[in-house]
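*Asks:* So that we are looking at the same thing, I have put the structure below in structure tokens.
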Amino acid sequence: MEKIPLVDLKAQYRAIATQVHQAIDRVIEQQAFIRGSLVENFESRFASFCSTRYCRGVGNGTDAIMLSLMALGVKPGDEVILPVNTFIATAEPIALLGAKPVFVDCQKETYLIDVSAVQQAITDRSKGIIAVDLYGQCPDYDALREICDENGLFLIEDAAQAHGAFYKGRRAGSLGDVACFSFYPGKNLGAYGDGGAITTDDQRLMERISLLSDHGSPQKYIHKIIGTNSRLDAMQAAVLDVKLNYIDKWNQKRRDLAAIYDDALAYIDHIYTPKQAPHCTHVYHLYVIRANRRDELMEFLKDNGIFCGIHYPYPLHLSEAFSYLGYQEDDFPVASCYARRLLSLPIYPELTNEQQLYVIEKIRQFYKGD
Ligand SMILES: *Cc1c(COP(=O)(O)O)cnc(C)c1O
């Protein structure tokens, strides 16, 4: 049996190789690598895909969050609320701006931000919330919006794991005041290098984000504000433009695979399969189970050529980088407990039925006799 990785980018490349090479060749022939019509074309297509009025390509997903926070005026002393179980990139920009990340625990069944905990985390220093569309599905944005409106907070959607997902028929990317995407190669919509984007309906916010991402410059050598350099380059936009044609189809394939895992694993007492949140179309960036004897299972699967992941082994309050915040391990009991039990199984659109059945069979074998 060949190896089954957590994600297989080569399989996807083989299916679109000709188109990708043509797209990259076009960029090279034009010699227009930074901004330009190719990037603008992708931005406008991605905005329509997300049902938003505006999209700006930026350097990566972390920058997308940083630029959004800057445009929203986050400054030292402010507090920004976010889930404790997310990738560190959701939190870093808050801290880099001198503001304080305020973590909240997650819900037991969906792993998504616990909305009632958000309510309790609000203080008079709170400036906004970053909600995360974790693993490919959206938290309860209607409830979050209500909390934000009542308390005068901004709402940022970290959609880095959820290109193409829906919440109540609305696309991920259109659910906050502003949304942040990553096009890191392994994401559902991945570039061939770093890349990111910001989507919003708010024209003034988008103008500010665009300025910030390009030296505060509406035109060459005119600098209205102090910005930085964080741009999506044309090579990446060209690759993404090809892939955007397939994203819905690929996401459907992920959903089909998730349904097969759901059915096959439901009968194993030692495993909890992931639950879809109400009103959500999950796009399964990751298929995350909770497993008894997780580390042993992972090792057993690896010995059988199956490579899993853990997202994430440390909730952010236990990360050394955030030790200065002074949180205790049991401050977030759900996230702390799950960090020892979560396991991400291989899932990607090109995963064959045969490969998936092999994964399922090996999991069954591991728990046999328990
Ligand atoms: C990947 C990711 C990011 C950061 O994206 P980069 O492009 O790697 O900077 C941010 N938030 C979440 C939830 C992510 O999964």
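*Asks:* In the stretch 113-131, is there at least one residue being of a type in the set (Gly, Ala, Ser), crowded, with 20+ Cβ neighbours inside 10 Å and closer than 16 Å to residue 276 by Cα?
*Replies:* No, there is no match, as no residue in the stretch 113-131 is of a type in the set (Gly, Ala, Ser), crowded, with 20+ Cβ neighbours inside 10 Å and closer than 16 Å to residue 276 by Cα.
*Asks:* Can you find even one residue in the stretch 266-284 that is basic (Lys, Arg) and under 18 Å from residue 135 (Cβ atoms)?
*Replies:* Among the residues of the stretch 266-284, at least one is basic (Lys, Arg) and under 18 Å from residue 135 (Cβ atoms), which makes the answer yes.
*Asks:* Separate question: Out of the residues in the stretch 48-80 that are under 17 Å from the mean Cα position of the chain (by Cα) and among the β-branched types (Val, Ile, Thr), which is farthest from residue 195 (Cα to Cα)?
*Replies:* If we take residues in the stretch 48-80 being under 17 Å from the mean Cα position of the chain (by Cα) and among the β-branched types (Val, Ile, Thr), then 65 is farthest from residue 195 (Cα to Cα).
*Asks:* Look through 44, 51 and report the one residue that is part of a helix (DSSP H, G or I) and out of contact with any helix residue (DSSP H, G or I) (no Cβ under 6 Å at 6 or more places or on another chain).
*Replies:* It is 44.
*Asks:* In the stretch 192-229, what count of residues is obtained for those that are under 21 Å from the mean Cα position of the chain (by Cα) and surrounded by fewer than 23 Cβ atoms within 10 Å (Cβ to Cβ)?
*Replies:* Residues flagged as under 21 Å from the mean Cα position of the chain (by Cα) and surrounded by fewer than 23 Cβ atoms within 10 Å (Cβ to Cβ) within the stretch 192-229 amount to 5.
*Asks:* Starting from the stretch 151-162, take each residue that is within 8 Å of the ligand (Cβ to nearest atom) and list its partners that are of a type in the set (D, E, K, R), counting only C-beta distances under 9 angstrom and pairs at least six apart or across chains.
*Replies:* Short answer, once both residue conditions are applied: 158/133; 160/133; 160/187; 161/133; 161/187.
*Asks:* Continuing with the same structure: Among residues belonging to the stretch 227-276 that are touching a residue at least 12 places away in the same chain (Cβ under 8 Å) and of a type in the set (Gly, Ala, Ser), point out the one that is nearest to residue 139 (Cα to Cα).
*Replies:* This residue is 258.
*Asks:* Take the residues in the stretch 327-370 that are over 25 Å from the mean Cα position of the chain (by Cα) and of a type in the set (S, T, N, Q); name whichever of them is surrounded by the most Cβ atoms within 10 Å (Cβ to Cβ).
*Replies:* 355
*Asks:* A follow-up question, please. Output the residues belonging to the stretch 62-77 that are in contact with a Leu (Cβ under 8 Å, 6 or more places away or on another chain) and either more than 12 Å from the ligand (Cβ to nearest atom) or within 23 Å of residue 116 (Cβ to Cβ) (or both).
*Replies:* 69, 70, 71, 72, 74, 75, 76
None of the figures in this text is laboratory data; all of them are computed from the coordinates on show. In this text, all values refer to a predicted model and were calculated from it rather than measured experimentally. With ideal geometry, Cβ positions are generated from the backbone for all residues, glycine too; neighbour counts draw on all protein chains shown.
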